[in-house]
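The structure appears below as structure tokens.
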Amino acid sequence: MNSEKIEQEIIKEVKNNLSEEELKKIIREKIKQKGYLKEEWQEHYAVERIIKEMKDAKYKKYKIKLGAWFIFYTYVRSTIGIILGYGSMQFYNQILSDSGIVLNEVITYTQIILIIVLIVGLDQKAKWGFKYNKFFIIYEWIWGAIALGIGNIVGGLLFLVIWYPIWVRPNRIYFNNRKYLFE
């Protein structure tokens, strides 16, 4: 079967906002119309292969647009976040009483798990990874303000006001412009 021919015809006819089921229906119609399959059971595999090839081609087309920021954000910055989280836990454990140590460790390990989940989601370019990243950016912003606000309320409020235009807004714009990568 010449899946490239079918793929090119479909791309000409289809808009990008189709659901996967609608796309499968169009592919099935094209396959039947061209008479490429000898057996009925081959249809499922042919459809899945064409969809995979289309996604791979689309990803390759946009791969360059991932950019250095995506790589830094996903791998370097997140790894540094894990290291700093663990380091700060060790630092605060020396200062806090026994009850404070347990709470500090629970919070730190939870944040480390959240960061690892973020890395996995962004690395796989999964749809849930995109949504999770939106949540994580806001979570990180609010949690940073709370952490700074514990000792100094003015510091927490300043963090909320200053960190939004410096970190939160640019990252939300960056990832919203690359939403197509997370399908």
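The numbers here are math on the coordinates, done by the rules we state, and not lab data. From a predicted model like this one, the values you see are computed outputs, not experimental measurements. Counting neighbours? That spans all protein chains shown, and the Cβs are built from the backbone with ideal geometry, glycine included.
Put in line by how crowded their Cβ is, counting other Cβ atoms within 10 Å and starting with the fewest, Trp69, Trp141 read Trp69, Trp141.
Across the range 110-130, the residues whose backbone nitrogen lies under 18 Å from the label position 7 Å along the beta-carbon direction of Tyr86 are 110-120. Spin-label model, Glu20/Ile107: points 7 Å from Cα along the beta carbon direction are separated by 3.9 nm. A protection proxy built from the mean count of other Cβ atoms within 10 Å ranks the segments 119-132, 168-181, most packed first, as 119-132, 168-181. With θ taken as phi - 60° and the Karplus curve 6.51 cos²θ - 1.76 cosθ + 1.60 applied, the whole-hertz 3J(HN,Hα) list for the range 118-126 is 4, 4, 5, x, 6, 4, 7, 6, 7 Hz, x standing for glycine and proline.
Counting beta carbons within 10 Å around each of Leu114, Leu84, Leu158 and listing the fewest first gives the order Leu84, Leu158, Leu114.
Fewest Cβ neighbours within 10 Å first, please rank Phe72, Phe159 accordingly. Walk me through the numbers before you get to the answer.
Details: Phe72 12, Phe159 19.
With the fewest neighbours first, Phe72, Phe159 line up as Phe72, Phe159.
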